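Structure, as structure tokens:
The values are calculated or read from the model by the stated rules, or taken from the named source; none is laboratory data. Predicted model, so just to flag it, every value in this text is computed and none were measured. Using ideal geometry, Cβ is built from the backbone for each residue, glycine included, and neighbour counts are taken over all protein chains shown. Remember, those area values only see protein heavy atoms, side chains included, never the ligands or the DNA or RNA. Shrake-Rupley method; radii C 1.70, N 1.55, O 1.52, S 1.80 Å.
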Amino acid sequence: MAGAITTELPERTVNHPRDTPVMAKTLVVDDDDLIRAAITAKLTRLGHQAAGAATVAEAEALAAAGDFDVVFLDVILPDGNGLDLLPRLRQAPSCPEVIIVTGQGTYDGAALAIESGAWDYVEKPMVIQDMVLPLARALQYRQERQRAQEAAQALKRQEIIGDSPGIRACLGQLAQAAQSDVSVLITGETGTGKELFARAIHANSRRAGGTFVVVDCAALPETLVESTLFGHEKGAFTGADRSHRGLVSQADGGTLFLDEVAELPLGVQKIFLRVLQEQRFLPVGGSREQASDFRLVAATNQDLAAMAAAATFRQDLLFRLQSFSIRLPPLRERPGDIAALSRHFIDRLCRRYGHEPKEISPEALGALAAHDWPGNVRELYQTLDQAFAAAFHCPTLHHTDLPIHLRLKRLPSSLRQQALGPAIHHRPRAGSPLPPWSSYREALEKDYLEQALAACAWNITAACRMSGLSRARFYQLLSKHHLSR
């Protein structure tokens with residue numbers, strides 16, 4: 001630790017950002033009593049409330065119970081490292097901004113602090129002199145973020161359900177993206193709702209009156225990609241018996257949504273980059289360029305940066321796509337939204353089938369909450385659709401209506417292996433007979449297929465990609481094991 005501060009250094013003249021709150025709630029975490037007292041005294045004179053903590057445990061307890069805007073956090077504490085505490089502070093209910101304060105600063109330490117979500121990094125013994133500007137900027141940022149969250153509350157959410165911190169952050173980004181025509185890249189695992197967010201961006205933008213055109217890049221016929229996107233003139237190729245207006249032209253005045261953009265062929269990526277830059281394109285077989293004033297939103301579940309490094313995706317197109325990026329969290333990172341999503345989907349199913357409102361039991365919700373949902377929101381909907389059919393004539397959906405693999409989640413862990421079937425999950429004791437290899441292999445194969453289909457919500461293309469099997473082989477196995485939707 002650095003030596004104690006005995007006198008205050010002269011303050012710098014600081015131009016405070018406008019609209020900085022008159023008072024903020026702050027927490028100072030430092031085991032040096034004199035430094036902690038000096039910082040809290042300074043904060044009080046600036047018109048803020050200031051609390052103090054000397055240990056990791058004390059700070060964590062205060063952050064969990066309090067509503068702090070900014071935390072000044074020392075790195076070396078008696079019961080742990082402040083950098084280890086930082087992510088937990090950021091997950092506190094008020095999600096405070098964290099300014100690291102240390103007497104043993106290094107580049108690596110500063111980099112780690114910033115990567116972990118710290119707002120700024122100041123060193124002792126200059127902390128009293130250097131804390132004012134980072135504090136003012138952090139509070140300005142919180143005000144701006146609060147306004148963005150208020151704007152997010154007024155959004156047309158397009159059936160985006162949930163109020164978890166992850167979803168709230170994404171809605172804030174959605175509100176920002178909707179205010180301009182900047183290109184947006186939405187990333188996330190299969191089934192996280194990327195198209196829902198794309199439609200919500202369109203619905204909340206100035207282009208809401210225009211057309212929302214979906215391009216499924218994974219389903220584009222390779223020989224007709226350019227024709228599908230840019231259209232063609234009559235006679236441009238064999239079978240072109242009339243002119244065709246492409247999807248880019250149809251998006252004029254609206255939004256063009258490139259779903260699974262990683263599947264766009266490299267040759268077309270080069271052409272599309274120019275179209276994106278110039279807002280002009282040439283139909284196949286045409287001699288005159290046409291204009292289309294479209295806004296681009298793209299989505300992928302692939303790592304485009306890694307693909308660009310491997311030269312399987314154009315780096316220059318990636319730069320244009322990620323002008324504004326939104327990462328959607330998987331359902332396992334937002335378990336608090338499962339109940340609201342389940343209620344929403346059950347209500348939707350009731351409307352679809354003209355059914356009276358149906359309840360869902362706490363035990364069923366508990367089983368849903370215990371699952372990790374590799375297929376995300378899409379898998380949850382498919383699961384509830386299946387359970388709804390099982391409980392069609394009942395006013396309540398119970399845990400017994402859920403698929404067996406979810407019901408088994410409620411069993412004690414010591415019983416799960418036996419309950420899942422001896423051929424796959426039970427290891428026999430020494431001397432006990434093993435099942436025949438053929439039956440063991442068949443059981444494993446069928447179990448894998450069922451899990452792959454559930455994870456991908458019966459999207460065969462996604463299941464093939466995840467399993468590494470060709471589409472032909474995948475269908476052979478489905479037929480072999482009599483699996484059908």
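Here are a few things to note about the model shown:
- The combined condition, being open to solvent by less than 60 Å² (accessible area, probe 1.4 Å), farther than 30 Å from K194 by Cα and modelled with pLDDT of 80 or more, is not fulfilled by H399.
- Matching residues, the stretch 309-328, being open to solvent by 10 Å² or more (accessible area, probe 1.4 Å) and either of a type in the set (G, A, S) or under 17 Å from the mean Cα position of the chain (by Cα) (or both): A309, A310, A311, Q322, S323, F324, S325, R327
- Candidates A423, A452, A430 - the one that is at pLDDT below 80 and surrounded by 14 or more Cβ atoms within 10 Å (Cβ to Cβ): A423
- Which listed residue, of D74, D67, D33, is charged (D, E, K, R), modelled with pLDDT of 85 or more, buried (at least 17 other Cβ atoms within 10 Å of the Cβ) and under 27 Å from M23 (Cβ atoms): D74
- Residues in the stretch 357-391 that are more than 17 Å from R407 (Cα to Cα) and out of contact with any Cys (no Cβ under 7 Å at 6 or more places or on another chain): E359, N376, V377, R378.
- For E58, the conditions (1) open to solvent by 60 Å² or more (accessible area, probe 1.4 Å); (2) touching an Asp or Glu at 6+ places or on another chain (Cβ under 7 Å) are fulfilled apart from (2).
- Test: Q176 is at positive phi and either in contact with a helix residue (DSSP H, G or I) (Cβ under 8 Å, 6 or more places away or on another chain) or in a loop (DSSP other than H, G, I, E, B) (or both): no
- R142 at pLDDT 80 or above and of a type outside the set (S, T, N, Q): yes
- Of A41, A51, all but one fail to be part of a helix (DSSP H, G or I), out of contact with any Pro (no Cβ under 6 Å at 6 or more places or on another chain) and either open to solvent by 10 Å² or more (accessible area, probe 1.4 Å) or within 17 Å of L133 (Cα to Cα) (or both); the exception is A41.
- Cβ-Cβ under 9 Å pairs, at least 6 apart or on other chains, the stretch 92-104 side of a type outside the set (V, I, T), far side in a strand (DSSP E or B) and surrounded by fewer than 19 Cβ atoms within 10 Å (Cβ to Cβ): S94/K25; P96/K25; G103/I76; G103/E123; Q104/I76; Q104/E123
- Some residue of the stretch 402-419 being open to solvent by less than 70 Å² (accessible area, probe 1.4 Å), modelled with pLDDT of 90 or more and in contact with an Asp or Glu (Cβ under 6 Å, 6 or more places away or on another chain): no
- Test for D120: is it over 23 Å from A169 (Cβ atoms) and either in contact with a Gly (Cβ under 6 Å, 6 or more places away or on another chain) or open to solvent by 10 Å² or more (accessible area, probe 1.4 Å) (or both): no
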